[in-house]
Every structure is written in structure tokens, then in C-alpha cells.
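The values are calculated or read from the model by the stated rules, or taken from the named source; none is laboratory data. Values in this document were obtained by computation on a predicted structure and should not be read as measured data. Reconstructed Cβ throughout: ideal geometry from the backbone, glycine too, with neighbour counts over all protein chains shown. Accessible surface areas use protein heavy atoms only, side chains included; no ligands, DNA or RNA. Shrake-Rupley method; radii C 1.70, N 1.55, O 1.52, S 1.80 Å.
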Amino acid sequence: MEKDTSPRAVLFDLDGTLLDTLDDIALAANLVLKKHGFPLHPTEAYRLFIGHGSRTLIERALPADRRQDEVVDACTVEFLDTYGRNWDRNTKPFSGIYDVLDFLIKKDVRLAVLSNKAHAFTVKCVAHFFNRYPFEVVLGQQDGLPMKPDPSGALKVVQQMNLEPGDFIYVGDSATDMKTACAAGIPAVGVLWGLRGEAELKEAGADMLLSDPMAIKTFFE
């Protein structure tokens, strides 16, 4: 009998991959900017700000001449507080995400999440939107764990699930995700419905691109 080479687990990014969080992140950041009299950004501009943690998000959103450490740090604290009160106002799973998770569960595929979003919000989002799915490991940005594209978080997930990198595919929407997967030795799968585009994903080492969530079926046929 031919050995089944289908992935045993899927490691997902969160923002831009499972969840459309753009509007709520932009809203919270713009409220902080408005409070301080700084110029606001259109929601679409935040596509390029998201992906490297809250502090980098705020640093990118601030005017170039106001990016001193003390300003960035203070505004980041305010952003986290503001986002904590608005995180679920417009956020929702992308179309087809529940369908693909149902499919993976039926295939006995194990699930995990790795995000550069603050850990508390990562856990809260997964618990709120995906409470009926058995995500075994959910990791966000936290002290002592380097952010993506450092592979430490991905390898921690692999270890905690008692698997090998080759047992996974890593599904994400940005160059950060693709670089993380490549550095961890996990096949890198880029999604085209997220925050970034095809060119960025290919350049960062994507092994495969998905145009819609259910295209993940190709790994299990």
C-alpha cells in the first residue's frame, strides 16, 4: 500500500489568513493617531503596516518625525487598550474558512495558529471565532518568543504537537509567513485573499499559492 504523504497538521497565520481584522485594527490605530493630532491613514494603508507586531504597526503609522521610542511605546500601549475595546466590531473569518476547517477536521488533520498579534488577542480571537475547532496550540507575540519570521514559534508548535516540520504545511498571507515556514523547514503556502499580494508571497519563497480556502484540498487528494 502506498504511504499517505498528506500533511498531518496545518499551522495557520491569523490576521489576513483566517480572520479579516483589517477594519478593527485600522480603527483602533486611527483613534490613537487622532487623539494625538497625527494624520490618519485610510484603512487600506494598514495592509502594509500589519504583520510585525503591534509596536511596528504603530511605528509605521506615526509620522516619520514622531517615531522616537518613547512616542512609539506610549502609542502602542494606547493602541492595545483601544483595540481591546474594539477588536470584534467588524472582524470576521474570511469566506470559506469555516468550510475548510470542517474539511480538515473530517480528515483528522491537526490545527494550530502562530501569529505576530499580541498573544492575549490571538488567544481571544481564536476562542471567539473558532471555539468549535480543536486548535491544539495557539501562539501570539509574547516575551521570550521571537516574532516571525524567526522560526522559533513555528518550531515550538511542532515540538508541542510532537510532530516534525515535514508533517505540517504553514498557511499565511505575507512574506513574513513564507519566510517563517522556509526557515522552519515547513512547506510554505501563501493565500491570495489576505493582506498582501502574489508577488510578495512568491518572492518570499511560497511553495504554493491558494486562491480560495478550499483549494487546500489539493494537499489531501
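Quick look at the numbers
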| quantity | calculated |
| --- | --- |
| Subset of region 205-216 (residues that are farther than 23 Å from Glu164 by Cβ, open to solvent by 30 Å² or more (accessible area, probe 1.4 Å) and not in a loop (DSSP other than H, G, I, E, B)) | Leu209, Met214 |
| Residues of region 4-46 that turn out to be in contact (Cβ under 8 Å) with a residue 12 or more places away in the chain, out of contact with any helix residue (DSSP H, G or I) (no Cβ under 6 Å at 6 or more places or on another chain), among the hydroxyl-bearing types (Ser, Thr, Tyr) and open to solvent by 10 Å² or more (accessible area, probe 1.4 Å), as a count | 0 |
| Flag if Lys124 is in a helix (DSSP H, G or I) and either within 27 Å of Thr82 (Cβ to Cβ) or modelled with pLDDT under 95 (or both) | yes |
| Unique match (being out of contact with any strand residue (DSSP E or B) (no Cβ under 7 Å at 6 or more places or on another chain), of a type outside the set (Lys, Arg) and not in a helix (DSSP H, G or I)) among Gly194, Gly166, Gly140 | Gly194 |
| Test: residue in region 100-119 that is open to solvent by less than 10 Å² (accessible area, probe 1.4 Å), in contact (Cβ under 8 Å) with a residue 60 or more places away in the chain, closer than 27 Å to Ile58 by Cβ and not polar (S, T, N, Q) | yes |
| Pairs where the first residue, in region 204-218, is of a type in the set (Asp, Glu) and the second is in a loop (DSSP other than H, G, I, E, B) and at pLDDT 95 or above, C-beta under 6 Å, 6+ apart | Asp207/Pro187; Asp212/Gly96 |
| Residues located in region 1-51, provided they are acidic (Asp, Glu) and touching a Ser or Thr at 6+ places or on another chain (Cβ under 9 Å) | Asp13, Asp15, Asp20, Asp23, Asp24 |
| Qualifying residue in region 159-174 (condition: under 21 Å from Trp193 (Cα atoms), among the charged types (D, E, K, R) and open to solvent by less than 10 Å² (accessible area, probe 1.4 Å)) | yes |
| Positions within region 179-204 being open to solvent by 30 Å² or more (accessible area, probe 1.4 Å), under 17 Å from the mean Cα position of the chain (by Cα) and either of a type in the set (Asp, Glu) or at pLDDT 95 or above (or both), in sequence order | Lys179, Cys182, Ala183, Pro187, Leu192, Trp193, Glu198, Glu200 |
